[in-house]
Amino acid sequence: MFGTSQPAPLTDLNRYTALSEGQVVPEASRCVQCGICSYNCPINIDVRAHAWRGLPIHDGHCLTCGQCVQRCPRGVLRFERIALLNV
Ligand code: SF4
Ligand code: SF4
């Protein structure tokens, strides 16, 4: 027992898909502006501000690491597939 259990799945997207095609999308009506998401973002993206406005995180620096999604106590954030080549 070394505590190596896998983290919960990000969503229905797998990790690779989230990295390559995903973006973080908030559900503004659920956000309580606690700031836990921003606090846990390793590159200091103001996730809370995005959540407040209901705006996806388009910041090109986003690592899609999932920290904000996993830490939000309200389940506000999720990964959503970006329609890049929706043909
Ligand atoms: S952690 Fe969740 S509830 Fe808190 S500010 Fe961020 S999106 Fe809103
Ligand atoms: S997925 Fe990671 S890098 Fe992107 S906004 Fe959330 S915590 Fe920051």
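The values are calculated or read from the model by the stated rules, or taken from the named source; none is laboratory data. These numbers were taken from a predicted model, which means no experiment stands behind them. A quick note on method: Cβ atoms are made from the backbone with ideal geometry, for glycine too, and the neighbour counts reach across all protein chains shown.
Annotations for the structure displayed:
- Within the range 68-84, if we keep just the residues that are in a loop (DSSP other than H, G, I, E, B) and closer than 16 Å to ALA28 by Cα, the residue that is farthest from ligand 1 (Cβ to nearest atom) turns out to be GLY75.
- ASN40 out of contact with any Asp or Glu (no Cβ under 7 Å at 6 or more places or on another chain) and modelled with pLDDT of 95 or more: yes
- Considering the range 45-67, the residues that are within 11 Å of the chain's Cα centre (by Cα) and at positive phi include one that is farthest from ligand 1 (Cβ to nearest atom), namely THR64.
- Consider the range 32-44 and keep the residues that are assigned to a loop (DSSP other than H, G, I, E, B) and either near ligand 1 (Cβ under 8 Å from one of its atoms) or under 11 Å from the mean Cα position of the chain (by Cα) (or both). The one that is nearest to GLY75 (Cα to Cα) is VAL32.
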